[in-house]
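Chemist: Just passing along the structure, written as structure tokens.
The values are calculated or read from the model by the stated rules, or taken from the named source; none is laboratory data. Because the structure is predicted, anything quoted here is derived from the model rather than measured. Glycine gets a Cβ as well: all are built from the backbone with ideal geometry, and neighbour counts include every protein chain shown. Only protein heavy atoms, including side chains, enter the accessible area calculation; ligands, DNA and RNA are left aside. Shrake-Rupley method; radii C 1.70, N 1.55, O 1.52, S 1.80 Å.
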Amino acid sequence: MRKQVREIEFDVDAYTARLIGRENVSKLEGAVLEIVKNAYDADASICCLYYSNAEDRIYIVDNGCGMKEEVLRTHWMTIGNSSKKNAYVTKNGRIQTGAKGIGRFALDRMSDQCDMLTISEEGGLEWIVDWRDFDGSKKISEVKARVYDTDVRLLEHVEIESWKNRAVAAEIEKCGFSGTGTAFRLDHLHDIWDEKTMNRLRNHLENLLPPDVIQNFRIWFFNDETSVEEALINSANVDSYDYRIDFQVTADFLNIQIIRNEFDFRGEEQEVYREAGFNEQEQEFLQGKRKEESFTLEEIGEKENFIGDFEGILYFYKISTNKKDQERFYYKDITGRANLAKKFGGIKLYRDQFRVRPYGEYGDNDFDWLELSARRNRSPAGLGKENGNWRVGSEQMLGTVSISRKNSNLEDASNRNGIQEGSGFSQLKRILLFVIAEFERDRQSVGRKLARYADKKDQLKAQLERMRQLAEERKKWEAEQSAKQEPEKTKILPPAANPEDVMNLVINMEQKQEEELEELRNENKMLQTLATTGIITNMFMHEIRTSTNNIGLELNAAYEAIEYDNDVEYALQNILRAIRVKKNFASWFGITIESIKKDKRRRRRHNIQTMLEQYMNTWRDILDKSDTALIYECESDIELFCFEFDIENIISNLIANSLASFDREMDRRLEKREICLQIYRRGNGLSMNYQDSGWGLIPKYKKRPELILEPFESGYHFGEEDEDDGTGMGMWIVNRTISEYNGTIDLSNNQKTEMGFYATIVLGG
């Protein structure tokens, strides 16, 4: 039975409260940035931080709105109770950055003793605290700060007349500290404020604000020896860059603007444009015109906007390049270019014009918070490579991403170190990676064309060099014959001196080179075929395992029927069922293992209808088991000089993609599962029309279906957290094979229809 009720109050040990503050402001640079943030939130236009070497003391002063006694008591003195939680827009329209009510512990992190003067419209208050009072066994309510009314002015409180650095002091006196504001004197410092510490803090302050904020908020940071020029903090700027990428997310749209500033054709513009195949619009982009792109969030794979509006500016900034690449890709000269990543940082995040640490902070684990390095390691292709995607390195990408306190699902982490992980932060990273991928795609499109142009020039140069060597050999031989002075004998010219033999040597050289290339191409084809086999096998692995298990069960049952029951008839039924299951394997082998048979690796003239007859029947057997209809037609008089497995690879990858589309989880069911393939004669080659009745391309590819031809592009799933299950290699293999036959693939019909997938492929002719 319950007796008398007693209420017990919660209380907090004073030292525990101090630990909470230290946990949230653990580093000196974090403490300094908190002080500057408080000045910004107070509508200050100037914040001055001076370390006196002679006194080992810190003076801080700003010209903000100051604090009234009510604010001082109910917010400044109440841990966790910030005046910025609800009313976070200042009188001058700034959105305040703080809200947790623990930023004042930044003062504790810097020193043991703090003497603060704050002047508001109601007058001045001096607030004095010794943070060592929190170290004892007192309760938090027992720790007191002293408050005095005062008419001392801000610059008097920081004793500006005694500052050793008179040059900077004179500039500070001109800044207008005659009204409201807040000033601190900090004694018994916890850190050694040597030149190394000053430089480290200066670098953090330079990156605290984006460049455009410097107009209405200035920071002075100096010690006794600092010059006036160095004392005024200037935001880090990127004056030189190779690419600039601006982007804005507004409602359900993503807009991207790309400026190329990387290439210098050194007076060869017209020749390069013509020979490399740049059209008129591409030429304008190469000359500095802004390239603009617009996407819906659905098109980039996002179901909805969890964040709200935000924007950013990213820069691609090469640190170094070799002479060969500079000539091959017509790069501008970057001799002497500094590593801006060490100065500027990486991709930094700003909330309401103030830095959210530690994203993009050089040397920190979160410098590469978008994991660009790991992404590059997964796809290490060079800029001009056709068979891979070039990826940017983490130290080559700089920039700023601007969010706001108004953005939803992007709350600060409880320890004031970054953003809370969740749906909003994940979406922010995905959108940024999409923007970066668009830049990478743009740069590689230029790089591939320039690489092809360079290869053509290199081949011509090699042939000319060989001709020059032959001419030198003839000239040398003629000189030797002349020196012998035997005019009565008929001179027999060496083979190299005969123009016809010279041409034969060149032809032989080209043939040998072509044979080596052909060998490499054949090896590549085999790898593509094996990759296709892997894709198909992986897709039907469940059915293969089931069939294998069923054969084992039937054979075991047959054995037991004979061994224990002597029931031959029952055993025969089990064996017949096992044989029927085994026939399924013949179908799988027909489109997988059979595809690498030796006779399929010989290139010869094939009648396409005859060549594909058994192959398509095998696919029909497989598709029947998944309730998928295959409609296949092929004209009888089509002949093509080809590898058999090339044509099979194209068909297998198309069908595999269709089956993946049929099985995609949607809100409604497919009315039918149907694949249609029609092959017609076209000149000396063929035209292949392919379509299915599936769900069609996901929005990510609907606007630009040609993207599915790039390696590692997969769209089997899309959503908030889903990862692609596909390899992203099937359609790339299709496209590579088509290009080897000087063919084309047209995917434009996918832009016009909601359902189904459509492809028109032309090979040869």
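Chemist: What are the residue pairs meeting all of these: first residue in the range 627-648, first residue surrounded by 13 or more Cβ atoms within 10 Å (Cβ to Cβ), second residue of a type in the set (Val, Ile, Thr) and not in a helix (DSSP H, G or I), Cβ atoms under 6 Å, and 6 or more apart or on different chains?
Modeler: Sorted first by the residue in the range 627-648, then by its partner, the pairs are Leu630/Ile675; Cys634/Ile679.
Chemist: Does the range 201-216 contain any residue that is touching a Cys at 6+ places or on another chain (Cβ under 8 Å) and either closer than 30 Å to Glu122 by Cα or hydroxyl-bearing (Ser, Thr, Tyr) (or both)?
Modeler: No - not one qualifying residue is present in the range 201-216.
Chemist: Give all pairs with beta carbons closer than 9 Å in which a residue from the range 51-77 that is at positive phi meets a residue that is among the acidic types (Asp, Glu) and at pLDDT below 95; count only pairs at least 6 apart in sequence or on separate chains.
Modeler: Close Cβ pairs (under 9 Å, with a partner that is among the acidic types (Asp, Glu) and at pLDDT below 95) amount to Gly66/Glu121; Gly66/Glu122.
Chemist: Moving on. Considering only the range 708-743, state which residues are at pLDDT below 90, among the hydrophobic types (A, V, I, L, M, F, W, C), open to solvent by less than 40 Å² (accessible area, probe 1.4 Å) and over 27 Å from Lys672 (Cα atoms).
Modeler: The answer is Trp732, Ile733.
Chemist: For Ala338, state whether it is free of Cβ contacts under 8 Å to residues at least 24 places away in the same chain, open to solvent by 10 Å² or more (accessible area, probe 1.4 Å), aliphatic (A, V, I, L, M) and assigned to a loop (DSSP other than H, G, I, E, B).
Modeler: yes
Chemist: Then there is this: In the range 237-306, which strands (runs of 3 or more DSSP E) lie fully inside it and hold 1 or more residues that are in contact with a strand residue (DSSP E or B) (Cβ under 8 Å, 6 or more places away or on another chain) and more than 25 Å from Pro705 (Cβ to Cβ)?
Modeler: Those strands (runs of 3 or more DSSP E) span 243-250, 253-260.
Chemist: Name, by its number, the condition in (1) touching a helix residue (DSSP H, G or I) at 6+ places or on another chain (Cβ under 9 Å); (2) crowded, with 20+ Cβ neighbours inside 10 Å; (3) not in a strand (DSSP E or B) that does not hold for Tyr362.
Modeler: The failed condition is (2).
Chemist: Just a yes or no: is a residue in the range 154-173 open to solvent by 10 Å² or more (accessible area, probe 1.4 Å), touching a residue at least 12 places away in the same chain (Cβ under 8 Å) and within 46 Å of the chain's Cα centre (by Cα)?
Modeler: Yes, the conditions are met somewhere in the range 154-173.
Chemist: Being assigned to a loop (DSSP other than H, G, I, E, B) and open to solvent by less than 40 Å² (accessible area, probe 1.4 Å) is the filter; apply it to the range 341-356 and report the residue that is nearest to Asn409 (Cα to Cα).
Modeler: Let us first name the residues in the range 341-356 that are assigned to a loop (DSSP other than H, G, I, E, B), namely 345-346, 352-353.
From what is left, the residues that are open to solvent by less than 40 Å² (accessible area, probe 1.4 Å) are 345-346, 352.
Details: Gly345: 25, Gly346: 23, Asp352: 15 Å.
Only one residue tops the list, namely Asp352.
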